[in-house]
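The values are calculated or read from the model by the stated rules, or taken from the named source; none is laboratory data. These figures come from a predicted structure and were not determined experimentally. Note: ideal-geometry Cβ built from the backbone for every residue, glycine included; neighbour counts use all protein chains shown. Protein only, heavy atoms only, side chains kept; ligands, DNA and RNA dropped before computing areas. Shrake-Rupley method; radii C 1.70, N 1.55, O 1.52, S 1.80 Å.
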Amino acid sequence: IQLTQSPSLLSASVGDRVTLSCKGSQNINNYLAWYQQKLGEAPKLLIYNTNSLQTGIPSRFSGSGSGTDYTLTISSLQPEDVATYFCYQYNNGNTFGAGTKLELK
Amino acid sequence: EVQLQESGPGLVKPSQSLSLTCSVTGYSITSNYWGWIRKFPGNKMEWMGYISYSGSTSYNPSLKSRISITRDTSKNQFFLQLNSVTTEDTATYYCARSRGITPFDYWGQGVMVTVSS
């Protein structure tokens with residue numbers, strides 16, 4: 001399954017509601033996760049199984065979707081959210097999206 | 001707390017084998033799944049494979065002829081061997097844990113490996 005993330009680069013202001021998209025080439029059956037990776041750090045699991053929030057992750061992060069289309073939403077962007085965000089499917093094989101780089105405007 | 005740490009040479013010559021170790025503390029590798037993921041220059045991420053609590057393995061089909069993941073339960077370590085490397089194997093290599101029903105939740109810091117003569 002190929003994953004297409006959009007946009008590849010997103011500029012937003014502190015406090016903005018931000019939406020990142022991930023589209024699969026086939027049905028992912030909700031086996032979709034989101035990772036945040038800051039420069040020089042390991043990826044951090046934010047969301048798994050489409051909408052389950054990983055322990056310790058702020059509630060401003062949420063996930064939704066079904067079938068082939070999935071979304072990560074940050075309800076109110078904070079400065080520490082600047083990072084690259086990857087989606088990852090584990091329904092059929094294991095593949096990552098190319099990432100969305102989120103920066104502050 | 002679960003902690004993972006990769007180690008191994010940072011430079012490998014083309015056609016040789018890349019060998020990395022992941023040392024795990026705070027959790028036994030005889031539970032759950034333990035995998036390797038790499039990130040290429042330019043950001044592309046690739047799942048390479050895993051070894052399970054029982055010692056069974058699963059590999060990315062694109063690597064299947066070159067990859068081997070093994071473990072030493074007495075040292076709570078697992079290993080990656082990638083044979084016949086080329087410059088296209090230059091990447092940052094991460095080890096990570098999966099609980100099976102959920103994706104990788106704990107990751108090492110990563111080790112950068114360059115393939116160059």
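Points worth noting:
- Modelled spin labels at B:Thr114 and A:Thr73, positioned 7 Å past Cα toward Cβ, are 4.5 nm from each other.
- Loop-located GluC sites (Glu not before Pro) in region B:1-61, at most 12 other Cβ atoms within 10 Å (DSSP): B:Glu1
- Charge tally in the Cβ shell below 12 Å around B:Ser52, where Lys, Arg are +1 and Asp, Glu are -1, B:Ser52 excluded: +3
- Between region A:1-51 and region B:3-39, the alpha-carbon centres lie 25 Å apart.
- Assigned charges on the beta-carbon of Lys, Arg, Asp, Glu; region B:1-100 dipole about Cα centre (debye): 120 debye
- Cβ charges +1 (Lys, Arg) and -1 (Asp, Glu), total dipole of chain A, debye: 40 debye
- In a reduced charge model with +1 at each Lys and Arg Cβ and -1 at each Asp and Glu Cβ, the protein assembly as shown shows a dipole moment near 220 debye about its Cα centre.
- Largest first, the residues A:Lys105, B:Lys75 sort by 1.4 Å accessible area into A:Lys105, B:Lys75.
- FRET efficiency, 1/(1 + (r/R0)^6) with R0 30 Å, evaluated for B:Asn43 and A:Asp16 via beta carbons: 0.80
- When the Cα positions of B:Val24, A:Leu72, B:Gly55 are compared along the charge dipole of the protein assembly as shown, B:Gly55 comes out farthest toward the positive end, with charges on each C-beta of Lys, Arg, Asp and Glu.
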